[in-house]
Amino acid sequence: MNTLKELMARMIHFGPIATMLLVKTITLSTIYCSLMWWPPAESLGGPGYVPLEWVPQKAADNNKMQYCGSCKGYKAPRAHHCRKCGRCVMKMDHHCPWINNCVGHRNHAHFVSFLIFAVIGCSQAAVILSCSLYRAIYRSYYLYYKENVPIVYLGVYGLVWVLFSIGCAVGVVLGVGVLLYYQLKIVFKNQTGIEDWIIEKAEYRRKKFTDLPEFVYPYNLGWKENFKLVMNTSCEPIGDGITWPVRDGCDQHTLTLEQLQQKDDKRKRSKEYVIVEEYSGSWCPISKGIGTLFRPPCSDESRIPLKKDDRIVVTRWKKYWLYGACVSAGSSGDSDFLKGWFPRRCALEIINSYREDSGTEMIPPAPASSKSKIKDKKKKN
């Protein structure tokens with residue numbers, strides 16, 4: 001009882017009360033000003049979207065840009081359409097599932113800052129928790145051989161919880177640290193994750209076709225200028241997200257023209273398939289074979305439901321999976337313009353409709369189940 005009275009006497013004192021009031025005053029004032037500076041209704045941390053049905057000011061630039069059928073407008077330079085957000089995002093880097101949003105022109109600096117503080121905070125937490133765990137394990141040593149040293153007591157549940165927390169903290173430091181390194185790397189180059197992939201394909205094309213001129217990335221202005229364009233103390237983006245400063249010898253459409261050429265090459269490589277086995281779009285298609293189930297594509301891209309006789313233009317191939325766009329539907333009528341992965345065993349490739357040498361129509365490969373029927377017809381003939 002005396003201990004409780006002593007505690008209350010210590011708490012109900014000018015010093016502790018003044019300290020608590022000071023902390024609360026600073027906290028509430030900061031929140032109050034922040035709500036005015038960054039209104040919640042207007043500061044949702046969005047990446048910045050290209051306006052719907054956007055068209056360039058000069059009609060002559062239309063042929064130098066990609067058209068987005070979903071947004072019914074042209075994609076501004078450095079913009080890409082995000083299937084999850086359903087909009088074309090300015091300077092899109094990637095869609096992050098951990099913030100359930102895209103990282104783009106307006107929130108790139110916020111995202112990098114978030115990664116920096118996440119790594120710093122979890123590093124501090126890992127050190128504190130590890131030292132506390134050490135003190136708790138060797139509690140008896142500190143009790144008998146050390147005086148005036150704070151003792152850490154952890155029961156079984158507390159020990160398990162601290163171990164779990166250390167694992168989480170270290171995991172965040174390692175995982176987010178790698179992502180932070182990659183993000184800083186592309187910031188210093190004034191690139192995005194998508195543009196890094198475009199540059200890699202551009203370099204590959206020039207190794208394959210040596211007659212092509214050297215590709216120069218137009219937005220690399222030197223690491224200092226590149227860093228300033230993204231990172232600053234206010235985390236506010238520089239520019240309107242449509243027009244970008246470029247290096248000498250390049251223009252606003254240098255990268256988009258390269259993208260158009262890459263897509264044209266992809267269309268030439270594409271193959272058409274016909275669906276011979278229905279697929280529900282499941283991410284775990286148990287009925288499609290062991291290989292299909294346990295060797296899915298390492299991608300968060302969608303899986304598309306398909307009906308028999310649907311036709312797919314395939315642009316990517318895996319051993320057990322194919323990626324493409326459904327260009328026509330069979331009896332379903334609801335599969336038009338879907339893009340995504342589906343099991344390879346559900347489709348058969350359609351050979352070119354006409355021979356280039358004779359113009360004779362070729363017959364698509366028949367499903368395995370119908371091969372016997374074809375043999376019977378040949379015998380009858």
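Which residue is surrounded by the most Cβ atoms within 10 Å (Cβ to Cβ), if the candidates are limited to segment 302-315 and must be among the charged types (D, E, K, R) and more than 11 Å from Phe342 (Cα to Cα)? That would be Asp310. All of Leu52, Leu115 fail the test of being more than 25 Å from Ser302 (Cα to Cα), surrounded by 12 or more Cβ atoms within 10 Å (Cβ to Cβ) and modelled with pLDDT of 90 or more, apart from Leu115.
Residue pairs whose Cβ atoms lie under 9 Å apart, sitting 6 or more positions apart in sequence or on different chains, and linking a residue in segment 216-245 that is not assigned by TED's automatic domain parsing to the domain that holds Asn190 to a partner that is at pLDDT below 90 and loosely packed, with under 12 Cβ neighbours inside 10 Å, do not occur here.
Out of Arg83, Arg78, Arg106, Arg135, one residue alone is surrounded by 14 or more Cβ atoms within 10 Å (Cβ to Cβ) and out of contact with any helix residue (DSSP H, G or I) (no Cβ under 9 Å at 6 or more places or on another chain). It is Arg106. If only residues of segment 321-344 that are over 20 Å from Ser70 (Cα atoms) and surrounded by fewer than 19 Cβ atoms within 10 Å (Cβ to Cβ) are counted, the one that is modelled with the highest pLDDT is Gly330. Applying the set (1) over 29 Å from the mean Cα position of the chain (by Cα); (2) in contact (Cβ under 8 Å) with a residue 24 or more places away in the chain to Ser165 leaves exactly one unmet item: (1).
Quick one: which residue in Ile275, Ile238, Ile286 is hydrophobic (A, V, I, L, M, F, W, C), over 30 Å from Val112 (Cβ atoms) and surrounded by fewer than 16 Cβ atoms within 10 Å (Cβ to Cβ)? The match here is Ile286. When Arg206, Arg135 are checked against the criterion of being part of a helix (DSSP H, G or I) and without any contact (Cβ under 8 Å) to a residue 12 or more places away in the chain, a single residue qualifies: Arg206.
Is there a residue in segment 186-202 that is assigned to a helix (DSSP H, G or I), more than 22 Å from the chain's Cα centre (by Cα) and among the β-branched types (Val, Ile, Thr)? No.
Look at segment 73-94: where a residue is without any contact (Cβ under 8 Å) to a residue 60 or more places away in the chain and a partner is part of a loop (DSSP other than H, G, I, E, B) and of a type in the set (Asp, Glu), sitting 6+ places away or on another chain with Cβ atoms under 7 Å, you get Gly73/Glu53.
Here Pro150 meets each of (1) surrounded by fewer than 13 Cβ atoms within 10 Å (Cβ to Cβ); (2) assigned to a helix (DSSP H, G or I) with one exception, condition (2). Might you let me know whether segment 276-297 holds any residue that is modelled with pLDDT under 90 and basic (Lys, Arg)? No, the conditions are met nowhere in segment 276-297. Pick from Lys208, Lys185, Lys228, Lys189: which is crowded, with 16+ Cβ neighbours inside 10 Å and of a type in the set (Lys, Arg)? Just a single option satisfies the conditions, and that option is Lys189.
The values are calculated or read from the model by the stated rules, or taken from the named source; none is laboratory data. What you see is a predicted model; the values in this text were computed from it and never measured. All Cβ positions, even for glycine, are placed from backbone atoms using ideal geometry, and neighbour counts span all protein chains on display.
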